[in-house]
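I have placed the structure first, in the form of structure tokens, so that the comments after it can refer back to it.
The values are calculated or read from the model by the stated rules, or taken from the named source; none is laboratory data. If you're wondering where the values come from, they're calculated on a predicted model, not measured in any experiment. Methodologically, a virtual Cβ is constructed for each residue, glycine included, from the backbone with ideal geometry; neighbour enumeration extends over all protein chains shown. To get the accessible areas, we keep the full protein, side chains included, count just its heavy atoms, and leave off ligands, DNA and RNA. Shrake-Rupley method; radii C 1.70, N 1.55, O 1.52, S 1.80 Å.
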Amino acid sequence: MSKSGTLDLASGVGGKIEKKEVLSAVEKYEKYHACDGEAEEERKANYIDMVNKYYDLATSFYEYGWGESFHFAPRWKGESLRESIKRHEHFLALQLGVKQGQKILDVGCGIGGPLREIAKFSGAYVTGINNNEYQVARGKELNRIGGIDNTCNYVKADFMSMPFADDSFDGIFAIEATCHAPNVFDCYKEIFRVLKPGQYFANYEWCVTDFFDPNNSNHRRIKREVELGNGLPDIRSMGESMEALKHAGFEIIWDKDIAIDSPLPWYLPLDKSHFSLSNVRVTAFGRFFTRNMVKILERVGLAPEGSQKVQAILEQNADALVEGGKEGIFTPLYFFLARKPAAIDPLT
């Protein structure tokens, strides 16, 4: 069901941005990641604009190269990327204890790949919250194509200020999405508010590891390139995530960087030294093909001006992710399961 052709890729670049404005949007986005002391604060202050620009520009590339679920996964030998992604989503649903008929929230749902998979896997009603108009529209289209409009829906809103009543959901999950939050405590506190007492929040978080050295210039470069390539205000540490979670009121059930136990490295699909026929589009050959096709399509006017710059940013990001993974300084697979304490009966 994903858009699979290069013409689909070209027509989708820019999302809801006017095609003639794509280049200026890329340039504005790049300014958010300038190498100066004010850039990080500007990213946090303008995170809605920055993240929206990023996903308007990048979504069609993601869907073309990766599929409907925009995330990594631990992977067994002999397992395809698609199989590992589905298992990753099923694991999260099982940890969350999702049951048929429950109301579940996906925080930062992208175009809804995990949302649809978990709804089909569990029989739950899953709502996705996403502040990007293009991704919400694409997600609704994929729901319609998949025939699951009755069990999956979307709300276009900022997950830092959600339009839901307190204690609304039987479970909440996020997959590599809350990394976009300008303030992780405020993000987790808002999730805590809309979760029913006694229920669980499961998350895969992007974090720097204990091996990240802020005084190492190469580590800083890798981190900066990952932030640029993924629309991130800042990449926090696992410890910072845990402290924010506890401060928000959650009880920690368990947490672990599950990348550590993965038989195959999470970054393998992006590693140019690796070749896979099942996921050829993100290999060195696939990137070469895409790069030149985007160049041709932009030249003949089928892709908007600026498409090549978007592709270059994403390719640089892929290389930075591989570097970060090999150095052991970054993980997209820091998992935690947390519980909102059960309500206390005032009469007891």
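Of a type in the set (Ser, Thr, Tyr) and more than 25 Å from TYR54 (Cα to Cα): does that describe SER237? Against the criterion (of a type in the set (Ser, Thr, Tyr) and more than 25 Å from TYR54 (Cα to Cα)), SER237 does not qualify.
Within the range 117-134, if we keep just the residues that are closer than 19 Å to ASN203 by Cβ and not in a strand (DSSP E or B), the residue that is most open to solvent (accessible area, probe 1.4 Å) turns out to be PHE121.
Let's see how each residue does on (1) over 24 Å from LEU321 (Cα atoms); (2) within 13 Å of the chain's Cα centre (by Cα); (3) part of a helix (DSSP H, G or I):
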residue: PHE72; (1), (2), (3): no, yes, no
residue: GLY78; (1), (2), (3): no, no, no
residue: HIS90; (1), (2), (3): yes, no, yes
residue: CYS109; (1), (2), (3): no, yes, no
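Taking (1) touching a strand residue (DSSP E or B) at 6+ places or on another chain (Cβ under 7 Å); (2) closer than 21 Å to CYS207 by Cβ in turn, TYR54 satisfies each apart from (1). Here is the figure for the range 137-167: residues that are in a loop (DSSP other than H, G, I, E, B), among the polar types (S, T, N, Q) and either touching a Ser or Thr at 6+ places or on another chain (Cβ under 6 Å) or surrounded by fewer than 16 Cβ atoms within 10 Å (Cβ to Cβ) (or both) total 2. If you go through the range 168-205 and keep only what is under 16 Å from the mean Cα position of the chain (by Cα), part of a helix (DSSP H, G or I) and among the β-branched types (Val, Ile, Thr), you end up with THR178, VAL184.
Residue selection: GLN102 fails the criterion of being polar (S, T, N, Q) and either under 23 Å from LEU333 (Cα atoms) or touching a helix residue (DSSP H, G or I) at 6+ places or on another chain (Cβ under 7 Å) (or both). Checked against (1) in a helix (DSSP H, G or I); (2) open to solvent by 10 Å² or more (accessible area, probe 1.4 Å); (3) at pLDDT below 80, ILE344 passes all but a single condition, namely (1). With the condition kept exactly as written, say whether any residue in the range 281-289 is aliphatic (A, V, I, L, M) and within 21 Å of ALA58 (Cα to Cα). Looking for residues that are aliphatic (A, V, I, L, M) and within 21 Å of ALA58 (Cα to Cα), one finds at least one in the range 281-289, hence yes. For the residues HIS219, HIS247, the requirement of being open to solvent by 60 Å² or more (accessible area, probe 1.4 Å), touching a residue at least 60 places away in the same chain (Cβ under 8 Å) and over 24 Å from PRO114 (Cα atoms) singles out HIS247.
Beta carbons closer than 6 Å, at least 6 apart along the sequence or on distinct chains, pair a first residue in the range 84-95 that is farther than 16 Å from ALA259 by Cβ with a second that is of a type outside the set (Ser, Thr, Tyr) and open to solvent by 60 Å² or more (accessible area, probe 1.4 Å) for HIS90/PHE121; ALA93/PHE121.
If you go through the range 185-201 and pick out every residue that is under 20 Å from ILE235 (Cβ atoms) and surrounded by 22 or more Cβ atoms within 10 Å (Cβ to Cβ), you end up with 3.
Scan (1) open to solvent by less than 10 Å² (accessible area, probe 1.4 Å); (2) out of contact with any Gly (no Cβ under 9 Å at 6 or more places or on another chain) for the single condition GLU327 breaks and write down its number. Of everything listed in (1) open to solvent by less than 10 Å² (accessible area, probe 1.4 Å); (2) out of contact with any Gly (no Cβ under 9 Å at 6 or more places or on another chain), GLU327 misses just condition (1).
Contact map, the range 35-63: first residue closer than 30 Å to LEU142 by Cβ and at pLDDT 80 or above, second residue of a type in the set (Lys, Arg) and open to solvent by 40 Å² or more (accessible area, probe 1.4 Å), Cβ cut-off under 6 Å, separation 6 or more or different chains; pairs are ASP56/LYS16; GLU63/LYS3. Applying the condition of being over 19 Å from ILE104 (Cβ atoms) and out of contact with any Phe, Trp or Tyr (no Cβ under 6 Å at 6 or more places or on another chain) to the range 168-184 and asking which residue is surrounded by the most Cβ atoms within 10 Å (Cβ to Cβ) yields ALA181.
It is to be established whether one or more residues within the range 3-10 are touching a Ser or Thr at 6+ places or on another chain (Cβ under 6 Å), within 23 Å of VAL310 (Cβ to Cβ) and modelled with pLDDT of 90 or more. So far as the range 3-10 goes, no, none of its residues is touching a Ser or Thr at 6+ places or on another chain (Cβ under 6 Å), within 23 Å of VAL310 (Cβ to Cβ) and modelled with pLDDT of 90 or more.
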